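J.: One structure coming up, written as structure tokens, with questions to follow.
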Amino acid sequence: MSLVLMKEVAEPSVTRARDSHRLALVGPALGLVLPLGLALLWEALVRIGFSDGRLVPPPSRIFATLAELAQTGELQRHVAATLLRVAAGFVFGTLAATLMGAVAGYSGLARRLVDPTLQGLRAVPSIAWIPLFILWLGIFETSKVALIAVGVFFPVYLGVLGAILSVDRKIVEVGRVFRLSGPAMVRRILLPAVLPSYLVSLRGGLGLGWMFVIAAEFMGASEGLGYLLIDGQQLGKPAEIVAAIITFAVLGKATDWMLALAAAPFLRWEDAFGAGR
């Protein structure tokens, strides 16, 4: 009887694990259905003469432009420059936001002191920072990385602050009953509670970092995908502009996927509704 019961309990778990593995393999392919379908549709419309494809070039022309840029080495150079800027801005912005968010979330006094100012600065458009950063830091890499770090900072800060403030009070009281020290309270109570929201905020910060790098590369950059956009606009090359936009999309999705993949081992303990779906 017990063996039958154990088999009935184990079978759903095995089925869920098998379905999750199958979804992990098929999921990325499903995500390509919509963009590939739209690309094929537009290619067909251009081929049958519905549009001349001059202002919105068909995929075949875009991929030919990408191949040409890759063959000359231009694409790799621009991609590398943009990746380095986003990576540096993401690291500095994340470190500052995590520290400020943790302090403001843990201390009510610190929150009342710094949060109103940061919330006001959060409303400042990215373009508004450019003249100030150029005056302070010049037009070289430092100002570009600083602008990207500003974009990364606010979603990560809000994610950390909100996650700490939403921790269940009863869990914290349990830690106090067991007389956990401050570092032990953070390590054993607060950190596991805020980790899911923190990782989501990191993905949001990374996405804004990719958005801010465009504004950063408008600040007198001589290389990078933003420069490629400007070059295509000034020379009247819509295929080059769309190729740069597609490259941005691919790189943004790839880095977001890598961040989610790196975060997955830290969230295995979650029994959430969306897990394995």
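J.: Residue check, Tyr227 against (1) open to solvent by 70 Å² or more (accessible area, probe 1.4 Å); (2) closer than 28 Å to Gly31 by Cα; (3) among the aromatic types (Phe, Trp, Tyr), all met but one. Which one?
T.: It fails just one condition, (2).
J.: All but one of (1) farther than 21 Å from Ser126 by Cβ; (2) in contact (Cβ under 8 Å) with a residue 24 or more places away in the chain hold for Ala216; which doesn't?
T.: All conditions pass for Ala216, except number (1).
J.: Filter region 149-158 for residues that are open to solvent by less than 20 Å² (accessible area, probe 1.4 Å) and closer than 20 Å to Ala110 by Cβ and give the result.
T.: Result: Val156, Tyr157.
J.: All but one of (1) open to solvent by less than 50 Å² (accessible area, probe 1.4 Å); (2) out of contact with any Pro (no Cβ under 7 Å at 6 or more places or on another chain); (3) under 27 Å from Ala263 (Cβ atoms) hold for Val250; state the number of the condition that does not hold.
T.: (1)
J.: Looking at Leu202, is it without any contact (Cβ under 8 Å) to a residue 24 or more places away in the chain, within 26 Å of Ala264 (Cβ to Cβ) and either crowded, with 18+ Cβ neighbours inside 10 Å or not charged (D, E, K, R) (or both)?
T.: No: the conditions fail for Leu202.
J.: (1) part of a helix (DSSP H, G or I); (2) open to solvent by 70 Å² or more (accessible area, probe 1.4 Å): which one isn't true of Leu161, the others all being true?
T.: Unmet condition: (2).
The values are calculated or read from the model by the stated rules, or taken from the named source; none is laboratory data. Values in this document were obtained by computation on a predicted structure and should not be read as measured data. So basically every Cβ, Gly included, is an ideal-geometry build from the backbone, and we count neighbours across all protein chains shown. For the accessible areas, the whole protein counts, side chains as well, though only heavy atoms, and no ligand, DNA or RNA atoms are used. Shrake-Rupley method; radii C 1.70, N 1.55, O 1.52, S 1.80 Å.
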